[in-house]
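Laboratory data are not the source of any read-out in this text; all were calculated from the coordinates shown. Computed from a predicted structure; not experimentally measured.
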Amino acid sequence: MRTIDLSPFYRSSVGFDRIFDLLENAARLHAGDSWPPYDIVKTGENAYRITMAVAGFTQDELELTQEQNVFVVNGSKAEDDGVEYLHRGIGHAFSRRFELADYVKVVGARIENGILTIELVREVPEELQPRRIEIVAGAAQQTFAPPQSVSEKKKAA
């Protein structure tokens, strides 16, 4: 795959470093890095689900971690004493990384019949959500109170 030169964008933008890093990382992904197979589904306006086929793994052999905007699924099998594998295609160790958008967090995970299901939700803090600005008519030198969020108005009512 060709590499993308993002240097012109770095010269003319501020604060988009994370997006450019995501694009560069996506370009570096290897086509052979497709195990375990997974689906990502949007289940609501701010809800997502990752479904991953983890045949051969138990709950204790999987580790899910989220740090900042990175979610990682690791799978590792305990060594079988006295067993010599000629080929091991089921349950070999893996690490799958997912870059998460701001305010997306993992809210639950379950495993059933070799399928790992991870639920994610995007929760934007109240102070960052859109708010309605009231327009007042009257004198030009009127003093303005700080704007209220929608939930503050509901509480006041």
Based on the Cα atoms of segment 34-125, what semi-axes does the equivalent ellipsoid have, where each is the square root of 5 times one gyration tensor eigenvalue, given in whole Å with the largest first? 29, 13, 10
Sorted by chain and number, the residues with a modelled amide H under 5 Å from that of residue 115, at a separation of 5 or more or across chains, are 54
